[in-house]
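*Asks:* First the structure, which I've put down as structure tokens, then a few questions once you've had a look.
The values are calculated or read from the model by the stated rules, or taken from the named source; none is laboratory data. Computed from a predicted model, the values in this text were never measured in an experiment. Cβ sites come from the backbone with ideal geometry, for glycine too, and all protein chains shown count toward neighbours.
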Amino acid sequence: MSSDAKVVVVGAGFAGLAAAASLAQAGFQNVKILEAKARIGGRVCTTKPFTENIIEHGANWIHGQKGNYLYQLAKKHNLLAEKALKESSESSRDYFFKEDGKHLPEELVDQVTSLFEKHTDKAFDTVLPLKYRDLSLGDYLDVSFAKSDLASSEDGSRIFEWCKRNECTDEAASSLYEVSASQESEYVTLDGEFHNTLGPGGYQAILDIILKDIPSGTILTNTAVKSIHWDLETNPNGKEGKEPNHPVRVICENDQIIEADHVIVTVSLGVLKQQARTMFEPALPKPKLDAIKRLGFGTVDKIFLCFSQRFWPEDCEGIQLVWDEGPEDKAVYSNQKEEDDDDDDHDDHDDAWKETWFKKISGFDAVARHPTVLCGWITGKEALHMETLQDSEIGDVCV
């Protein structure tokens with residue numbers, strides 16, 4: 001590809017910004033990034049809503065070290081968390097509470113969470129027995145846990161249900177019954193520490209480093225793309241008296257038209273699911289459209305609670321919520337799924353889960369550099385429902 005080529009990058013998340021930065025470093029001077037939102041960064045959204053210290057609304061950690069460009073970049077520029085903060089986190093522990101307020105014993109929690117980790121590791125490490133490979137991850141875990149003596153303990157079973165709810169956050173899934181057990185091994189875990197915490201600048205500090213390689217004026221925000229016309233007949237040198245043109249034409253929602261030699265599309269899977277069939281002309285090949293349809297990446301939301309004073313112990317890493325009956329229970333899930341699928345007989349009972357949306361919250365974790373702030377995690381349709389509520393209502397439910 002000639003460095004004189006006109007390149008359009010759609011999306012100013014980390015993928016789009018990294019692509020543009022790489023092109024600039026390689027000598028490409030005619031690059032434009034089109035971003036639909038008013039801000040850049042995609043899933044990275046670093047803010048300061050409470051104090052001078054940052055809060056990550058989006059991505060929180062760097063996962064893995066070996067072969068991880070983000071980790072290498074953060075380490076090179078001294079952007080990782082200080083040693084004291086990491087040591088403090090390692091000495092902390094989670095406190096598990098039942099619905100009646102009873103504090104569950106640490107020994108039982110450790111036994112159940114260790115067993116859960118053992119079974120999930122089998123799925124991730126491609127050693128999943130053949131008889132489980134057609135099951136969902138949730139069904140596989142249920143069958144495996146049922147063989148343990150811990151399954152006879154009511155509290156142990158409830159902690160196990162919490163483990164499944166917590167795993168939904170890592171999987172970005174509405175339910176583990178919608179995740180394939182055999183496909184877990186497709187996720188490549190990079191060697192080294194899995195949760196690498198960033199320093200006081202957060203992910204914004206990494207974003208700022210990447211932006212240094214992108215020339216001013218490259219990024220156009222509030223510029224949503226309506227359609228991408230590709231594989232056009234070209235007339236690069238203006239032959240036969242015609243205006244020169246390029247093989248790709250990008251039409252924006254604001255009616256701006258940008259011609260290019262190459263377009264790099266880095267939008268999220270969610271955007272592709274909504275627009276892939278109408279965004280491209282001609283249409284994308286059927287295998288690509290089918291892949292977009294089949295792939296899934298659910299909703300993961302955070303809830304930040306800021307208190308006037310701290311009420312949890314100094315060694316508390318998080319307050320975890322163990323419900324008597326939650327959405328991870330197979331019977332509860334199956335009942336809700338049946339109601340969701342029954343479009344012809346919809347009544348108020350079908351929305352009963354909205355009254356207990358908070359039971360999808362796995363717990364509230366302590367937030368680095370914020371001694372009076374807790375962060376809750378919630379996924380799936382409950383997260384989407386929560387997004388429709390007022391902050392005051394969410395706060396009242398959570399506290």
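*Asks:* Could you please let me know if L115 is farther than 21 Å from S334 by Cβ, at pLDDT 90 or above and either touching a strand residue (DSSP E or B) at 6+ places or on another chain (Cβ under 8 Å) or outside any loop (DSSP other than H, G, I, E, B) (or both)? Quick ask: steps written out before the conclusion?
*Replies:* Numbers: farther than 21 Å from S334 by Cβ: yes; at pLDDT 90 or above: yes; either touching a strand residue (DSSP E or B) at 6+ places or on another chain (Cβ under 8 Å) or outside any loop (DSSP other than H, G, I, E, B) (or both): yes.
Yes.
*Asks:* Moving on. Could you list, in sequence order, all residues of region 101-134 that are more than 15 Å from G156 (Cβ to Cβ), of a type outside the set (V, I, T) and in contact (Cβ under 8 Å) with a residue 24 or more places away in the chain?
*Replies:* Correct list: A123, F124, D125, L128, Y132, R133, D134.
*Asks:* Shifting gears a bit: Applying the selection to region 179-195, what residues are of a type in the set (D, E, K, R) and either surrounded by fewer than 19 Cβ atoms within 10 Å (Cβ to Cβ) or in a loop (DSSP other than H, G, I, E, B) (or both)?
*Replies:* Kept after step one, since they are of a type in the set (D, E, K, R), are these residues of region 179-195: 184, 186, 191, 193.
Across region 179-195, the qualifying residues are E186, D191, E193.
*Asks:* Which one of these does A260 not meet: (1) of a type in the set (A, V, I, L, M, F, W, C); (2) in contact (Cβ under 8 Å) with a residue 24 or more places away in the chain; (3) more than 30 Å from S3 (Cβ to Cβ)?
*Replies:* (3)
*Asks:* Exactly one condition in (1) touching a residue at least 12 places away in the same chain (Cβ under 8 Å); (2) surrounded by fewer than 15 Cβ atoms within 10 Å (Cβ to Cβ); (3) within 24 Å of the chain's Cα centre (by Cα) is not met by G58; state its number.
*Replies:* So G58 meets the others, but not (2).
*Asks:* Quick one: Y203 ticks every box in (1) of a type in the set (S, T, Y); (2) crowded, with 17+ Cβ neighbours inside 10 Å; (3) assigned to a loop (DSSP other than H, G, I, E, B); (4) assigned by TED's automatic domain parsing to the domain that holds L34 except a single one, so which number is it?
*Replies:* Result: Y203 fails condition (3) only.
*Asks:* Residues that are modelled with pLDDT of 90 or more, at least 3 per element: which helices (runs of 4 or more DSSP H) completely within region 313-399 meet that? Don't jump to the end; show me each part of the working.
*Replies:* On the way: elements: 330-341, 380-386, 391-398.
Those helices (runs of 4 or more DSSP H) span 380-386, 391-398.
*Asks:* Run down A5, A12, A20 and say which single residue is surrounded by fewer than 20 Cβ atoms within 10 Å (Cβ to Cβ) and aliphatic (A, V, I, L, M).
*Replies:* On the way: A12 fails: surrounded by fewer than 20 Cβ atoms within 10 Å (Cβ to Cβ); A20 fails: surrounded by fewer than 20 Cβ atoms within 10 Å (Cβ to Cβ).
A5 is the lone residue from the list that is surrounded by fewer than 20 Cβ atoms within 10 Å (Cβ to Cβ) and aliphatic (A, V, I, L, M).
*Asks:* Identify all residues within region 23-39 that are surrounded by 20 or more Cβ atoms within 10 Å (Cβ to Cβ) and over 11 Å from I214 (Cα atoms); write none if there are none. Full working, then the answer.
*Replies:* First pass over region 23-39, keeping only residues surrounded by 20 or more Cβ atoms within 10 Å (Cβ to Cβ): 23, 31, 33-35.
Result: L34, E35.
*Asks:* Can you find even one residue in region 146-164 that is in contact (Cβ under 8 Å) with a residue 24 or more places away in the chain, within 30 Å of T47 (Cβ to Cβ), in contact with a strand residue (DSSP E or B) (Cβ under 9 Å, 6 or more places away or on another chain) and surrounded by 15 or more Cβ atoms within 10 Å (Cβ to Cβ)? Before the answer, list the steps.
*Replies:* Here is the first cut: in region 146-164, the residues in contact (Cβ under 8 Å) with a residue 24 or more places away in the chain are 148, 150, 153, 155-156, 158-164.
Then keep just the ones that are within 30 Å of T47 (Cβ to Cβ); that gives 162.
Applying the additional criterion that residues be in contact with a strand residue (DSSP E or B) (Cβ under 9 Å, 6 or more places away or on another chain) yields 162.
Applying the additional criterion that residues be surrounded by 15 or more Cβ atoms within 10 Å (Cβ to Cβ) yields 162.
Yes, the conditions are met somewhere in region 146-164.
*Asks:* Inside region 277-312, can you point out the residues that are within 21 Å of the chain's Cα centre (by Cα) and either within 22 Å of F50 (Cα to Cα) or in a strand (DSSP E or B) (or both)? Before you say what the answer is, go through the steps one by one.
*Replies:* Residues of region 277-312 within 21 Å of the chain's Cα centre (by Cα): 291-305.
Hits for region 277-312 are V300, D301, K302, I303, F304, L305.
*Asks:* Continuing with this model, one more query. How about region 368-399: which of its residues are in contact (Cβ under 8 Å) with a residue 60 or more places away in the chain and either buried (at least 21 other Cβ atoms within 10 Å of the Cβ) or under 17 Å from K98 (Cα atoms) (or both)?
*Replies:* Let us first name the residues in region 368-399 that are in contact (Cβ under 8 Å) with a residue 60 or more places away in the chain, namely 368-381, 383-384, 386-387, 394-395, 398-399.
Those that are in contact (Cβ under 8 Å) with a residue 60 or more places away in the chain and either buried (at least 21 other Cβ atoms within 10 Å of the Cβ) or under 17 Å from K98 (Cα atoms) (or both): A368, V373, L374, G376, W377, I378, T379, G380, A383, M386, C398, V399.
*Asks:* Ok, one more. Report, by residue number, each residue of region 61-85 that is in contact (Cβ under 8 Å) with a residue 12 or more places away in the chain and hydrophobic (A, V, I, L, M, F, W, C).
*Replies:* Hits for region 61-85 are W61, I62, L70, L73, A74, L79, L80, A81, L85.
*Asks:* Right, something else. Listed residues L176, L198, L135; which is crowded, with 22+ Cβ neighbours inside 10 Å and closer than 14 Å to K330 by Cβ? Full working, then the answer.
*Replies:* Details: L198 fails: closer than 14 Å to K330 by Cβ; L135 fails: crowded, with 22+ Cβ neighbours inside 10 Å.
Answer to the check: L176.
*Asks:* Go through region 167-178 residue by residue and tally those that are over 26 Å from K131 (Cβ atoms) and assigned to a helix (DSSP H, G or I). It would help to see each step written out before you state the result.
*Replies:* Start the filter on region 167-178 by keeping residues that are over 26 Å from K131 (Cβ atoms), which leaves 169, 172.
Then keep just the ones that are assigned to a helix (DSSP H, G or I); that gives 169.
Total meeting the criteria: 1.
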